[in-house]
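All of the numbers you see were taken from the coordinates with simple rules; none came from a lab. No experiment lies behind these values; they were computed from the predicted model shown. With ideal geometry, Cβ positions are generated from the backbone for all residues, glycine too; neighbour counts draw on all protein chains shown.
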Amino acid sequence: MAQSDRGRIELFYDFFGEDNIANTAESRVLGPFVVGGQGNAETDAGVPTIAGMVSGAGRITTTNEDNHTTLVGTNTAFSASLNGPIVLEARVQLDNIDTKEVFFGLSDIDPDTLSIETDVMTGATTTLTLTASDLCGFFLSAELTDDEDWHMVYNGGSTTGETTSTSVDADDDAVAAEWQVLRLEIDTNGTARWYIDGVLKQTKTGAVSTTTVMGVCLGVEAKGNAIENLDVDYLLVTANRDWTV
């Protein structure tokens, strides 16, 4: 196929713009990304900018309904073998660590009406339920015993997805009102690496399928009747272009 010098895909958003609360359209555009998730079209969900935040930041905001998710991400468009290496990076913070689930990574679930618990995965005590056939990323859940820690989850590759949370515990807690940089790297052979604040926390061979097409999700979900937030300073996705199509 014909090629050019535009062989790298780079999606970046610095959250100086705003996806308004009370915007009732599904799958809205925010820079090069889409705003999606089950319940994102309700009038109390969206990604408003945070007033007075130096360098700009957005607040991913859910409704006050159980299992409603708001996310910033992409449609399913990335294959490890054809687009790798794939890199996802975000700088995030939480106002609290209560009654919420967070997922940052890739899955084979379309973002339009994605619910983290219903479609991707969930956790309870020390058990992870991997619902999506293909996923890889960071997971935090108030329903896990270690409810403040990031977990490095995966499913769909040549290595069976881990369902015991203590085996993929990053031992790096999210702390309310403190920023952390989460970075996920996926090679063409399905090997994945998880970094938190520049420190390599896990390397897993065969973590993801090399052929399944997946999309990016940086999302937060309510685990009760309270509105939940995830603050994000920036979101970066880089990959190689597939010239075979």
With charges set only on the Cβ (+1 for Lys and Arg, -1 for Asp and Glu), what does the dipole of the chain come to about its Cα centre, in debye to the nearest 20? 940 debye
How large is ³J(HN,Hα), in whole Hz, for each residue of segment 54-61 in order, when computed from phi with the Karplus curve 6.51 cos²θ - 1.76 cosθ + 1.60 and θ = phi - 60°, using x for Gly and Pro? 4, 6, x, 7, x, 10, 5, 10
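Provide the net charge surrounding Asn155, with neighbours chosen by a C-beta distance below 14 Å and charges set as Lys +1, Arg +1, Asp -1, Glu -1. Working shown, then result.
On the way: positive: Lys204; negative: Asp108, Asp119, Asp134, Glu162.
Charge balance in the 14 Å sphere: -3.
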By its C-alpha gyration tensor, with a ≥ b ≥ c as the square roots of the eigenvalues, how is segment 88-135 shaped: rounded for a/c under 1.5, else prolate for a/b larger than b/c, else oblate? oblate
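Over all directions, average the projected area of the Cα convex hull of segment 129-187 and note it in nm². Walk me through the intermediate numbers first.
Working: hull surface 18.4 nm².
The orientation-averaged projected area of the Cα hull of segment 129-187 comes to 4.6 nm².
Quote the Stokes-Einstein diffusion coefficient, in whole µm² s⁻¹, for segment 1-104, based on the Kirkwood radius over alpha carbon pairs, a temperature of 4 °C and a viscosity of 1.567 mPa s.
Working: Rh = 15.4 Å.
D, rounded to a whole number, is 84 µm²/s.
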C-alpha center-to-center spacing [segment 115-143, segment 22-89] in angstrom: 18 Å
So for segment 99-245, averaging the separation of alpha carbon pairs under 8 Å that are six or more residues apart and normalising by length, what relative contact order in percent results? 27 percent
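Compute the signed sum of charges (Lys and Arg +1, Asp and Glu -1) over the other residues within less than 12 Å, Cβ to Cβ, of Thr210. Write down the numbers at each step before the final one.
Working: positive: none; negative: Asp134, Asp187.
Result for the local shell: -2.
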Within the under-10-Å Cβ sphere about Leu200, not counting Leu200, Lys/Arg +1 and Asp/Glu -1 give a net charge of +2
Could you give me the ³J(HN,Hα) list for segment 104-110, computed from phi with Karplus coefficients 6.51, -1.76, 1.60 and θ = phi - 60°, whole Hz, x at Gly and Pro? 10, x, 10, 8, 8, 9, 4
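Assign one of three labels to segment 63-183, namely rounded, prolate or oblate, based on the Cα gyration tensor with a ≥ b ≥ c the square roots of its eigenvalues; rounded applies when a/c is under 1.5, prolate when it is not and a/b is larger than b/c, and oblate otherwise.
Rounded, because the longest to shortest axis ratio a/c is under 1.5.
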The set of residues whose placed amide H lies less than 5 Å from the amide H of Ser209, leaving out same-chain residues fewer than 5 positions away, is Gly157
Considering amide H positions built from the backbone, and no H for Pro or chain starts, which residues 5 or more places from Asp19, or on another chain, come under 5 Å of its amide H? Val47, Thr49
Take the chain, connect every pair of alpha-carbon atoms lying under 10 Å apart with a spring to form a Gaussian network, then pick out the residue of Val72, Val92, Val54 with the largest mean-square fluctuation. Val54
Can you compute 3J(HN,Hα) from phi for each residue in segment 172-185, using the Karplus curve 6.51 cos²θ - 1.76 cosθ + 1.60 with θ = phi - 60°, rounded to whole Hz and x for Gly and Pro? 8, 6, 6, 10, 3, 6, 10, 6, 9, 9, 9, 9, 10, 10
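What does the charge dipole of segment 67-201 about its Cα centre add up to, to the nearest 20 debye, if the Cβ of each Lys and Arg holds +1 and the Cβ of each Asp and Glu holds -1? Let's see the in-between values first.
Values: 5 positive and 24 negative charges, 95 e Å.
Taking the Cα centre of segment 67-201 as origin, the dipole is about 460 debye.
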Please find, in a Gaussian network model of the chain (springs between Cα atoms separated by less than 10 Å), the residue of Gly36, Gly137, Gly123 whose mean-square fluctuation is greatest. Gly123
Calculated from DSSP H runs of 4 or more alone, at -39500 (n - 2.57) each and per residue, what is the 222 nm mean residue ellipticity of the chain, nearest 500? 0 deg cm²/dmol
Need one number: convex hull volume per residue for segment 25-234, Cα atoms only, in Å³. 102 Å³
In segment 1-87, what trypsin sites (Lys or Arg not before Pro) fall in a loop by DSSP, with at most 11 other Cβ atoms inside 10 Å? Arg6
Taking H as built 1.01 Å from N, whose amide H comes closer than 5 Å to the amide H of Arg28, not counting residues under 5 places away? Val35
